[in-house]
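The values are calculated or read from the model by the stated rules, or taken from the named source; none is laboratory data. None of the values given here were measured: they were computed from a predicted structure. For accessibility, only protein heavy atoms count, side chains too; no ligands or nucleic acids. Shrake-Rupley method; radii C 1.70, N 1.55, O 1.52, S 1.80 Å.
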Amino acid sequence: EALAALERQRQALEENVNIASTKEAALMQQVATLTQSVERLEVELKAAQESRVELASAAQSQETQLATLVNQLQTELEKRLDELSATRDELSDAKQEAIKLKGAMQQQR
């Protein structure tokens, strides 16, 4: 009877070992799956960080180009305003000259 009890204990222990081995295999598979997920996420994170750096660089470049363009447009606008002012002065001078000539012509009559 003691031998039968020991045999039952041995079988119970073997069953527990099998259950533990099955659980260990499942946990190992989960670890492998999680490791692959972490590695994939690390690759995606690195790509996202590189993309962010590239986008920031492109934005900086565009900002510099825009600032240059604004400066060029401002310079051109100032040039055109100076030309307009000079043209107005010439027109005003021409009007004054025309008035003087008109007055002189009327005096000659």
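What is the percent carbon and sulfur in the accessible area of the chain, measuring with a 1.4 Å probe over the protein chains and ignoring ligands?
Summing carbon and sulfur atoms, their accessible area is 58 percent of the total for the chain.
Tell me which lysines have Cα within less than 25 Å of K79's Cα, excluding those fewer than 8 residues away on the same chain?
K95
Assuming 0.36 nm per residue, please report the length gained on full extension of the stretch S85 to R8 beyond their Cα-Cα distance.
16.5 nm is the gain from fully extending S85 to R8.
Give me the aspartates and glutamates in straight-line cross-link reach of K102: C-alpha distance below 19 Å, same-chain residues under 8 apart excluded.
E90, D93
Pairwise over distinct Cα atoms, reciprocal of the mean inverse distance: report the Kirkwood radius of the chain in Å, one decimal place.
23.9 Å
Sorting I99, I19 by accessible area (1.4 Å probe), largest first, what list results?
Listed by decreasing accessible area, they come as I99, I19.
Running a GNM on the chain with Cα contacts under 10 Å, which residue among A86, A47, A98 ends up with the highest mean-square fluctuation?
Maximum among the listed residues: A98.
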